[in-house]
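First the structure, in the form of structure tokens, and then the observations on it.
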Amino acid sequence: SPRERVTALAANARRLLRELHALLIAPLADALAGYRQLIVVPHGSLHYLPFHALYDGETHLFEHHEISYLPGASVLRYCRERQTPRHVTQMAAFGYSWQGRLQHTVPEAQQVARDLDGAAYVEEEATLARLRSVLAGCRVLHLATHGDFRPDNPLFSGLVLADGWLTTFDIFGLRMAASLVTLSACQTGRSIVGGGDELMGLMRAFLYAGSASLLLTLWPVEDRSAAEIVHTLYGRLAAGWSKAAALRFAQRKALEHDHPYYWAPFYLVGDAGTL
């Protein structure tokens, strides 16, 4: 039956995550035990691994630590130095259903705007022109739409809005001072790993443009569970929680979805502190 198949797939995922935990985390268990926060700086193919989902047989790693990521260790200083000016106070959420294919993106953007007392631009209002007009004043920018990763040419990876694509190439030309940019779309955290472990993709582009942190996805997301996670996350952020603590809380709540497919794609890059 479909339910039995899902149960079997979830068990297989936990088996693989347990094997990876034994290889990567178990040898460091004593050294990590005293720390609430972990910053993971992957190398090579490990950039594609959700360390927070690694499983010790009873619990996932993120249940013990607040976990964030960096594309390189030197990036942390720059992210923490990017103090968002006090006058940058707006919150803007963009929701585009991609001509009705993604039913939950519009209500997700509207709910996020309510959570942080911001503005929602949905469907025909979710345009590239509107994004550029509000960017300078945004402390939090949320984009709920369809994303496309282009392994053949990551500069053309991007997010679709009502009047066209926002590509990696475009984002390198933007300037912002956001404390958090959330890309609630498919595979927004995937990059090409080049020479010297250099990453090319949306992550690098937004960090270069000035964002202090990013909430990204490693694989195609199920839009209903994604909407639940970001709603819980923003509720915690509005209460003054740090970004890493808010994400951990949201993912723990989402563990009711048995398979990591539903809750594990989201990960935080950059400054993990408060907004």
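Across the Cα atoms of segment 205-249, what radius of gyration and what greatest pairwise Cα-Cα distance (Dmax) are found, in Å?
11.9, 30
What figure in square angstrom, to the nearest 10, would you give for the accessible area of residue 259 with a 1.4 Å probe?
Result for residue 259: roughly 40 Å² accessible.
Pop a pseudo-label 7 angstrom from the Cα along the beta-carbon direction at both residue 133 and residue 219 and give the gap in nm to one decimal.
4.0
What percentages, rounded to whole numbers, describe P(r) for the chain computed over all alpha carbon pairs with 10 Å bin width beginning at zero?
Spelled out per bin, shortest first, that is 7, 31, 38, 20, 5, 0.
Could you tell me the center-to-center distance, by alpha carbons, between segment 1-78 and segment 129-163 in angstrom?
If you average the Cα positions of each part, the centres end up 28 Å apart.
Normalise the Debye intensity by I(0) for segment 1-68, one equal point scatterer per Cα, no solvent, then take log10 at q = 0.25 Å⁻¹ and round to two decimals.
-1.16
Just how large is the dipole of segment 132-248 about the Cα centre, in debye to the nearest 20, putting +1 at every Lys and Arg Cβ and -1 at every Asp and Glu Cβ?
Roughly 440 debye for segment 132-248.
Of the beta bridges DSSP finds with both residues in the chain, what % are antiparallel, to the nearest 5?
40
Taking the Cα centre of segment 20-157 as origin, sum charge times position over the Cβ atoms of Lys and Arg (+1) and Asp and Glu (-1), and report the length of that vector in debye to the nearest 20.
For segment 20-157, the charge dipole is close to 600 debye.
Estimate the FRET efficiency between residue 253 and residue 87 by the formula 1/(1 + (r/R0)^6), using the beta-carbon distance for r and 45 Å for R0, to the nearest 0.05.
Given R0 = 45 Å and the Cβ-Cβ separation, E is 0.85.
Kirkwood hydrodynamic radius, segment 199-275, all distinct C-alpha pairs: what's the number in Å?
13.0
Return the carbon/sulfur percentage of the accessible area of the chain, one whole number, probe 1.4 Å, all protein chains in place.
Of the solvent-accessible surface of the chain, carbon and sulfur hold 53 percent.
Beyond 21 Å, what share of the Cα-Cα pairs of segment 108-193 remains, rounded to the nearest whole percent?
27
From the Cα gyration tensor of segment 181-239, with a ≥ b ≥ c the square roots of its eigenvalues, which class applies: rounded if a/c is under 1.5, or else prolate if a/b is larger than b/c, or else oblate?
Oblate.
Which Cα, out of 213, 79, 160, lies furthest along the positive dipole direction of the chain (beta carbon charges, K/R +1, D/E -1)?
79
Given the peptides 123-133, 211-221, 49-59, arrange them by the average over their residues of other C-beta atoms within 10 Å, most packed first.
Ranking the peptides 123-133, 211-221, 49-59 by packing returns 211-221, 49-59, 123-133.
Compute the FRET efficiency between residue 78 and residue 36 as 1/(1 + (r/R0)^6), taking r as their Cβ-Cβ distance and R0 = 22 Å, and round to the nearest 0.05.
After rounding to 0.05, the efficiency reads 0.40.
Just going by the charge dipole of the chain, with Lys and Arg at +1 and Asp and Glu at -1 on Cβ, which of 136, 120, 246 is farthest out on the positive end?
136
Calculate the radius of gyration of the Cα atoms of segment 110-159 to one decimal place, then report Dmax, the largest Cα-Cα distance, as a whole number, both in Å.
12.9, 39
Mind grabbing the accessible area of residue 261 for me, 1.4 Å probe, Å², rounded to tens?
Rounded to the nearest 10, the figure is 80 Å².
Taking segment 59-143, how much of its Cα-Cα pair set, in percent, is spaced more than 21 angstrom apart?
That tail contains 49 percent of the Cα-Cα pairs.
At a 1.4 Å probe radius, which order do 5, 204 fall into by accessible area, largest first?
5, 204
First check a/c for segment 122-250, with a ≥ b ≥ c the square roots of the eigenvalues of its C-alpha gyration tensor; if it is under 1.5, answer rounded, and if not, answer prolate when a/b is larger than b/c or oblate otherwise.
rounded
Just how large is the dipole of the chain about the Cα centre, in debye to the nearest 20, putting +1 at every Lys and Arg Cβ and -1 at every Asp and Glu Cβ?
Its charge dipole is roughly 440 debye.
Excluding residue 270 itself, what net charge comes from residues whose Cβ is under 13 Å from its Cβ, given Lys and Arg +1 and Asp and Glu -1?
+3
Can you tell me how much longer the chain between residue 119 and residue 15 gets when fully stretched, taken as 0.36 nm per residue apart minus their C-alpha distance, in nm with one decimal?
Working it through step by step, the gained length comes to 33.2 nm.
Determine the order of 138, 186 by accessible area, beginning with the largest, at a probe radius of 1.4 Å.
Correct descending sequence by accessible area is 186, 138.
The values are calculated or read from the model by the stated rules, or taken from the named source; none is laboratory data. Keep in mind that what you see is a predicted model, and the values were worked out from it rather than measured. Methodologically, a virtual Cβ is constructed for each residue, glycine included, from the backbone with ideal geometry; neighbour enumeration extends over all protein chains shown. Areas reflect the complete protein model, heavy atoms only, side chains present, ligands, DNA and RNA absent. Shrake-Rupley method; radii C 1.70, N 1.55, O 1.52, S 1.80 Å.
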